[in-house]
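Visitor: Below is a structure I'd like to ask you about.
What follows is calculated from the coordinates using simple rules that are stated; it is not laboratory data. Everything numeric in this text was worked out from a predicted model, so none of it was measured. Positions of Cβ are backbone-derived with ideal geometry, glycine not excepted, and every protein chain shown enters the neighbour counts.
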Amino acid sequence: LGKDLLTPDVYFRVIATISDYVTLQEEIDQIQLGFDSNSDTLSDVRPDLNNSIRWMKRNVDWMSAQGNAMILWFNENLS
């Protein structure tokens, strides 16, 4: 059943999605650097910005881990 579900297109989409999350992590890091370099101006809203950054990083980490788990499953069960 698994081999019938995994087409090259599905596998490509999983890999592309994980790649997107790696890129997103890099973008989040750049956003955080921007916040850090403007910390005086943003001091009133900094706690909210920090919470947002933490949430974005947790989400990206979770999605990356799930994608990696999918790839491992594909490699173990469909080879």
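Visitor: Given points 7 Å out from each Cα along the Cα-Cβ axis, report the W55 to D20 separation in nanometres with one decimal.
Guide: 2.0
Visitor: Further question on the same structure: Students often check this: by mean Cβ neighbours within 10 Å, which of 35-44, 51-60 ranks highest, and how do the rest follow?
Guide: Listed from highest to lowest mean packing, they are 51-60, 35-44.
Visitor: Using the number of other C-beta atoms within 10 angstrom as an exposure proxy, rank Y21, Y11 with the fewest first.
Guide: Values: Y21 19, Y11 15.
So the residues, fewest neighbours to most, are Y11, Y21.
Visitor: Could you work out how far apart the two model spin labels at N68 and T7 are, taking each label as a point 7 Å from the Cα in the direction of the beta carbon, and quote it in nm?
Guide: Going by the 7 Å Cα→Cβ label model, 2.9 nm.
Visitor: Now a separate question. When Kirkwood radius over Cα pairs in Å is calculated directly from the model, which label among [x] 18.5; [y] 13.5; [z] 14.6 fits?
Guide: The calculated read-out lines up with [z].
Visitor: Assign unit charges at the C-beta atoms only (+1 for Lys and Arg, -1 for Asp and Glu), then state the dipole size of the chain relative to its Cα centre in Debye, rounded to the nearest 20.
Guide: Details: 6 positive and 12 negative charges, 56 e Å.
The dipole magnitude comes to about 280 debye.
Visitor: Under a crude label model (7 Å from the Cα following the beta-carbon direction), how far is S39 from N75 in nanometres?
Guide: Result for the modelled spin labels: 3.9 nm.
Visitor: To continue, here is another question. Helix-derived [θ] at 222 nm for the chain: sum -39500 (n - 2.57) over DSSP H runs of at least 4, divide by residue count, nearest 500? Spell out each step's value before the answer.
Guide: Numbers: 3 runs with 66 residues, N = 79.
Taking each H run of at least 4 residues, the total per residue is -29000 deg cm²/dmol.
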